[in-house]
Structure formats: C-alpha cells, structure tokens
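Worksheet: the structure to be examined is printed underneath.
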Amino acid sequence: MNIKFGRRFFLIILVVMVVSGIITLHLRTDSSSVADNPVTSTTMTRFLMDTAIVIKAVGPDSENAVNEAFAEIERVEAVFSRHLPDSQVAKINQHAGEWVAVSPEVIELLQKGIYYGQLSGGAFDITIGSVIELWGFGSGINRVPDEDELRQARQYVDISKVEIDEERGRVRIPQGTVLDFGGIAKGYAVDLCKQVLKENRVISAMISAGGDIAVVGVKENGNPWRVGIQHPRISTDILAVVSLVDQTIVTSGDYERFFIEEGVRFHHIIDPATGFPARGVISVTIIADSAADGDPLSTAVFVLGLDQGKELIERLDGIEAVIVDEDGDVWVSSGLKDEIELL
Ligand code: AMP
Ligand code: MG
C-alpha cells in the first residue's frame, strides 16, 4: 500500500512538474520572442486582383506577416482570376464542356457562389462571365452590346448547369459558359489574408482591398476600428462611419467600374435577368464576420434592389447592411443603427 501510494504520489508530482515545466517553457518562449521582436506596425500597398490593396498590421513580426498576407492574396488571384490563362478558373472556362480537375478550395468557393445564387433567386450568378465579356469589364475596352448579342450571351448564364464532382475533384461547365468569380474572390482573399495575419501573431490590422475591408481585433489604442463607407457620388467624401471589431465590411458600388455613354452610366454589376447593369441602387455595403459572405451578398443585394434587398438582409443572422438608392436615400439595417454614424 505504502509503496503503491508512494509511486502514485511520485507520478502526480512528476506530472505536475512536467505540466508546469511546459507552461513555464511556453511563457518563456513567448516573452523572449516578443523581447526579440518588439511589436511594430507595418503598412504596405500592392496592386493585386485589379485593385490597390493596403494592409496595416501590428504585431511582433508585422513586416513578415504583411508580406505573407500579400503572398496569400497573390496565390488566390492565381487560382481564381479568369484573366490569368493558367488559373484554375481560366482552365475550367477554356475547357468548357469537359471535366476539369480543380483543387478543393475551388469547389468550396464555387459551392458558396451557388449558395448565394440560390439565396438571391439568381440575382448573384457566377456564370455571368459571357455577359461581362461583352461589356468589356476587366478587359479595358468598354462598349454597350446590342440586344441580340446580349440575348445570345445570356443563354449561357445559368448556375444550375454547373456540375461538380466532389469525389473526383472536378468541375464541368457547358460550352459557351464563362465562370467569373469577380463578385466573391476578393472577399475570400481578404478572409484568408486575415487568417494569415493572425497566424503570424498580428494583434491588430486592417486590410483594405478596394470595396472589401477586414479588420483584425481593435485599433492599437484599444478602440474599435472606425471604417468609412465611401460616398457613391463624391469620391473624396464619406457617407457614414461604422465601428468594427474583428469584422469585415464590403461595398458594391456603381462607381467602382463604369463608363458613361451618351450621358448614361454603365457599370459592372449586371442583372442576370436583363444582361444590363442593375438599376435602382447605387451602393450596397454589407457587414459580416466573413468577407467571403459579404462580397457575394453585396453584389446580390445590389442586383435585387432596395425592397427585395432589405427583405433578404433582415432575415439573415449576423449580416447588416447599408443601401443607398438612386435618389441618394440611405437605408440602414435594424441591427446596425446603433453602430453607425451617418455623416
Ligand atoms: P462586386 O464589386 O463585388 O459587386 O463584384 C462585381 C464583379 O462581380 C463584376 O466585376 C463581375 O466580375 C462580377 N459580377 C457582375 N455581376 C454579377 C452578378 N450578377 N453575379 C455575380 N457576379 C457578378
Ligand atoms: Mg461582391
């Protein structure tokens, strides 16, 4: 009995020593590395995904963290851009009609795109590529297509015809269809960027990729981040300011990519039902935990318009929105009213 008790006692002591040893070891590693690498702030800008992207991060190795975050955005662009001929999405488009092997993340984002397509009753549709090509958005040569061309191109816009073979990791789209992840990939990239920053011990950060913004934690001074929503008609003005902690804010606006012909503004957010730029609202901002949700939702609500858009937002949990209609009237979702300062 005594011997048994002694052995058990010894084991308990040993376990306690090991556990406290590990804890001590961890604490020491952490504090010494913080001492080795004092907390710094790094801000860098790079042009990726057709947008000037700014990352500001605070942490013990902020410069390296920001470089890794940009590398991640570059990687996502290389997978999802329809303009880079070697991207997986370009491969699916080039081989329309055939099965194309893709990585699991392509299937995952495709499924998310399909989900938001269904949720919005087809207002969001990543098979919009054939119509976008006609308008020339992304290529730099914009023109108003004629009705016949649009009718032709629109017959290839149908998300229900995209086939996914998850087991074998492959995708097939019908001939003539062109996938365009432009309404969702940037949000996805911003989410991954945020993850990379956190993995690199960043404690506070803001990633601003055109209309897609994500924040990590709170500001250096401990206050929530305050993010401005751009005025859709006065580019130097801010319409409102929103307080954010660890969230994302994504805006779709008719001022982002557009051309004006005979006094009419033609922009890059297309209503799949008509093939023409969606009318009725001019800016939609979505606040969500994930920009991969906010991004497709902002595009979807833009196409749905004020009435249907409001209705969709109010029935989604954890999603808030600001919608500006063509008269300049601003609608704020019920859960955001206390967090927003309208200017
Ligand atoms: P965003 O700026 O996030 O609203 O996305 C606009 C981009 O999404 C466009 O440049 C197109 O590449 C793509 N897009 C345009 N209209 C739609 C639509 N109805 N559904 C899905 N993607 C779209
Ligand atoms: Mg979008």
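Normalised by the number of residues in the chain, the mean separation of alpha-carbon contacts (under 8 Å, six or more apart) gives a relative contact order of 15 percent. The angle separating the long axis of helix 185-199 from the principal Cα axis of greatest extent in the chain is about 10 degrees. The H on the amide N of residue 137, modeled in the peptide plane, is under 5 Å from the matching H of no residue at least 5 residues off or on a different chain. Which whole-number percent of Cα pairs in region 96-233 have a distance greater than 22 Å? Summing the P(r) of region 96-233 above 22 Å gives 54 percent of all pairs.
For region 179-271, the percent of C-alpha pairs falling in each 10 Å distance bin, counted from 0 to the bin holding the largest distance, reads 15, 39, 31, 13, 3, 0.
Solvent exposure of residue 100, expressed as accessible area, is near 20 Å², computed with a probe of 1.4 Å over the protein chains only.
Farthest toward the positive end of the dipole of region 174-267, out of 248, 235, 175, is the Cα of 248, where the dipole comes from beta carbon charges about the Cα centre. Residue 46 sits with roughly 90 Å² accessible to a 1.4 Å probe, with DNA, RNA and ligands left out of the calculation.
For residue 281, what charge total do you get from the other residues with a beta carbon under 11 Å from its beta carbon, if Lys and Arg give +1 and Asp and Glu give -1? Intermediate values should be presented prior to the final figure.
Details: positive: 279, 310; negative: 254, 307, 325, 326, 327, 329.
So the environment of residue 281 carries a net charge of -4.
Sorting 103-109, 298-304 by average packing, meaning the other beta carbons within 10 Å per residue, from highest down gives 298-304, 103-109.
How much net charge surrounds residue 94 when only the other residues with a Cβ under 13 Å from the Cβ of residue 94 are counted, with Lys and Arg +1 and Asp and Glu -1?
Details: positive: 82, 91, 172; negative: 86, 98.
So the environment of residue 94 carries a net charge of +1.
Angle of helix 2-36 to the longest C-alpha principal axis of the chain, folded into 0 to 90 degrees and rounded to 10: 50°. Dimensions of the chain from C-alpha coordinates, computed as largest minus smallest value along each principal axis and given longest first, are 93, 52, 37 Å.
Translational diffusion coefficient of region 194-343 at 20 °C, 1.002 mPa s, Stokes-Einstein with Kirkwood Rh over Cα pairs, in µm²/s as a whole number. Intermediate values should be presented prior to the final figure.
Values: Rh = 15.9 Å.
For the chosen part, D equals 135 µm²/s.
Pairs from the list 161/198; 161/186; 161/337; 56/161; 91/310; 91/219 with a Cα-Cα gap above 32 Å: 161/198; 161/337; 56/161; 91/310; 91/219. Any idea how far the Cα center of region 272-292 sits from the one of region 294-323, in Å? Their Cα centres are 8 Å away from one another. Compactness of region 226-275 was expressed as the Cα radius of gyration divided by 2.2 N^0.38 Å, which yields 1.45. Residue 199 exposes around 130 Å² of accessible area when a 1.4 Å probe is run over every protein chain in place.
The values are calculated or read from the model by the stated rules, or taken from the named source; none is laboratory data. Note that the coordinates shown come from a computational prediction; the quantities given were computed from them, not determined experimentally. Neighbour counts are summed over all protein chains in view; Cβ atoms, including those assigned to glycine, are modelled from backbone coordinates with ideal geometry. For accessibility, only protein heavy atoms count, side chains too; no ligands or nucleic acids. Shrake-Rupley method; radii C 1.70, N 1.55, O 1.52, S 1.80 Å.
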